[in-house]
Amino acid sequence: MIVISMKEKKAPISEIFCSWQGEGLFAGEKQIFVRFSGCNMRCTYCDEPASREKGKELSISDVISIIRKLSFKYKTKAISFTGGEPLLYCDFIKEICLKLLKKKFIFRLETNGTLPENLKKVIKHIHHISADIKFPSQTGVDMWKIHERFISMCGKKACVKVVVSLNTPISEFKKAARLVKKILPETNFFIQPESGEFLKKRNFSAYDKFYREAYHLKGARLLPQLHKIWNIK
Ligand code: SF4
């Protein structure tokens, strides 16, 4: 008998763990976080070591086995693909979804919103997408057109997040709010204060200057990263 061994796909994983979601629409939901290493962006405020680390090469079966163990131990079926930038590994994610879908897992994606072609490959399997809009002052590059395309592709599966510091140019923020109004006026638009700055000053009202520029959006919410306040991962 001839046995043909197919080489299993691998991806660099920084960590897989269970915790409470501290951002956005699903804050307070217990999730299994699959954090991929590596990122295609370099944001000035990035405090995520996974974006620069190499990570550990894990196979799809390695990841599924860890997810199943964590799901059983901590009683949750919600999975968050995060990073770094998870869409760099869209084929890998797609296979995980296909293998776990029948087991009633729920798939959420946290992305920087800059890889629409990769999103296309996996969107069918993802239940919800948290898509960022990155400002030129944060990345050094103009991504408006790409974000527009990305968010249009997400449609009703998306909520949008922008990270702001007190120095963020209001003109950039307004442009993001206008873009969301044009494409997805009903969606949630999360204004997230940069955690380093916010935790140092704890001046929540100072960020109202951004909320005021988005009050015309039904889904505008000012929400800091709650897991940092709760002091959990
Ligand atoms: S997109 Fe996210 S992970 Fe990548 S550099 Fe920016 S903040 Fe860090």
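Bear in mind these aren't lab numbers, they're just calculated from the coordinates by the rules spelled out. Everything numeric in this text was worked out from a predicted model, so none of it was measured. Cβ coordinates were reconstructed from backbone atoms using ideal geometry, including for glycine residues, and neighbour counts include every protein chain displayed.
Figure the gain on full extension for residue 103 and residue 57 (residue separation times 0.36 nm, minus the Cα-Cα span) and round it to one decimal in nm. Display every interim value, and only then the final one.
Details: separation 46, 0.36 × 46 = 16.56 nm, distance 2.48 nm.
Extra length available between residue 103 and residue 57 comes to 14.1 nm.
Please check: in the Gaussian network model of the chain (C-alpha springs, under 10 Å), which one of 102, 77, 182 has the largest mean-square fluctuation.
102
Starting from the Cα of residue 142, step 7 Å along the direction of its Cβ; do the same at residue 181; then give the gap between the two resulting points in nm.
2.2
What full-extension length gain, to one decimal in nm, is calculated for residue 211 and residue 17 as 0.36 nm per residue of separation minus the Cα-Cα distance? Show your work: numbers first, answer last.
Values: separation 194, 0.36 × 194 = 69.84 nm, distance 3.28 nm.
Computed gain between residue 211 and residue 17 is 66.6 nm.
Specify the residue with the greatest mean-square fluctuation among 128, 216, 147, computed from a Gaussian network of the chain linking alpha-carbon atoms under 10 Å apart.
216
For the range 169-191 and the range 1-68, what is the separation of their Cα centres, given in Å?
Cα centroid to Cα centroid, the span is 29 Å.
So how far apart, in nm, are the two label points at residue 120 and residue 65 if each is 7 Å from Cα heading toward Cβ?
Taking the simple label geometry, residue 120 and residue 65 are separated by 3.6 nm.
Only sites in a loop by DSSP and with at most 14 other Cβ atoms within 10 Å count here; which GluC sites (Glu not before Pro) in the range 133-216 make the cut? Could the numbers behind the result be given before it?
On the way: sites: 148, 172, 186, 194, 197, 213; in loops: 186, 194, 213.
Passing both the DSSP loop test and the Cβ count: 186.
What is the gain in length, in nm to one decimal, between residue 74 and residue 152 on full extension, counting 0.36 nm per residue of separation less the C-alpha to C-alpha distance?
Details: separation 78, 0.36 × 78 = 28.08 nm, distance 3.49 nm.
Taking 0.36 nm per residue and subtracting the Cα distance, the gain is 24.6 nm.
Any idea what log10 I(q)/I(0) is at q = 0.07, 0.10, 0.14 Å⁻¹ for the chain, Debye with uniform C-alpha scatterers and no solvent?
-0.23, -0.46, -0.89
In nm, give the distance between the simple-model label positions of residue 227 and residue 165, each being 7 Å from the Cα along the Cα-to-Cβ direction.
A separation of 2.2 nm, rounded to one decimal place.
Going by the alpha-carbon gyration tensor, a ≥ b ≥ c the square roots of its eigenvalues, is the range 4-80 rounded (a/c under 1.5) or, if a/c is not under 1.5, prolate (a/b greater than b/c) versus oblate?
Numbers: a/c = 2.68, a/b = 1.08, b/c = 2.49.
Verdict is oblate for the range 4-80.
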